[in-house]
Amino acid sequence: MNIENLRDLCIALPGVTEEFPFGEETLVYKVMGKIFLLTSLNSDTFRFNVKCEPEKAEELREQYPSVLPGYHMNKKHWNTIVVDGSVPDKVLRSWIVDSYSLVVASLPAKTKQTLDQPPV
């Protein structure tokens, strides 16, 4: 996976915006205004932060050396994924979609309904 693959996946998800709220070096993906993924554009190694259930976050850190506690994030709910080839792209994509789904699940019901309806 590279930054282009990550971008294509993220922006294809319903209700997602691509923003730079923390400066031009940090690319942020939000669903309905809530962050579900961040990545640095100036890091030597491609990495991104995703939200995760606390128990699963711990489990993934134990299972994969490239999964770290979320850098500059709540380490209970966020993981930093170092994309070094040790985790298959299919698994990386599933973690991104899981992060998106967690954030969507926390949205108010009325907001979630707008994601299910096609734009007019």
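Quick note: the coordinates plus some simple rules give every number you see, no bench work behind them. If you're wondering where the values come from, they're calculated on a predicted model, not measured in any experiment. So basically every Cβ, Gly included, is an ideal-geometry build from the backbone, and we count neighbours across all protein chains shown.
Calculate one ³J(HN,Hα) per residue across region 12-19 by plugging θ = phi - 60° into the Karplus curve 6.51 cos²θ - 1.76 cosθ + 1.60, and present them in order as whole Hz with x for glycine and proline.
7, 7, x, x, 8, 10, 10, 9
Mind checking Rg over Rh on region 3-114, alpha carbons, Kirkwood formula for Rh?
Values: Rg = 13.4 Å, Rh = 14.2 Å.
Checking Rg against Rh, the ratio lands at 0.94.
When a footprinting reagent is the concern and you count Cβ atoms within 10 Å, what order do 48, 20 take, fewest first?
The order, fewest Cβ neighbours first, is 20, 48.
Short version: ³J(HN,Hα) in whole Hz for each residue of region 46-60, in order, from phi by Karplus 6.51 cos²θ - 1.76 cosθ + 1.60 (θ = phi - 60°), x for Gly and Pro, what are they?
Taking θ as phi minus 60°, the curve returns 5, 8, 8, 9, 9, 7, 7, 4, x, 5, 5, 4, 4, 4, 5 Hz for region 46-60.
Give me the one-decimal nm value for the distance between modelled label points at residue 84 and residue 105, 7 Å along each residue's Cα-to-Cβ direction.
2.9
Would you calculate the separation in nanometres between label points at residue 44 and residue 7, each defined as 7 Å from the Cα along the Cα-to-beta-carbon direction?
About 2.4 nm separates the two model spin labels.
Per DSSP helix of 4 or more residues, -39500 (n - 2.57); summed, then divided by the residues of the chain. What does that give at 222 nm, rounded to the nearest 500?
My calculation for the chain gives -11500 deg cm²/dmol from helical runs alone.
Test of the criteria: in region 1-109, which GluC sites (Glu not before Pro) are in a DSSP loop and have at most 12 other Cβ atoms within 10 angstrom of their Cβ? Can you show the working numbers first?
Details: sites: 4, 18, 19, 24, 25, 55, 58, 59, 62; in loops: 24, 25.
Counting only loop positions with at most 12 other Cβ atoms within 10 Å, the GluC sites (Glu not before Pro) in region 1-109 are 24, 25.
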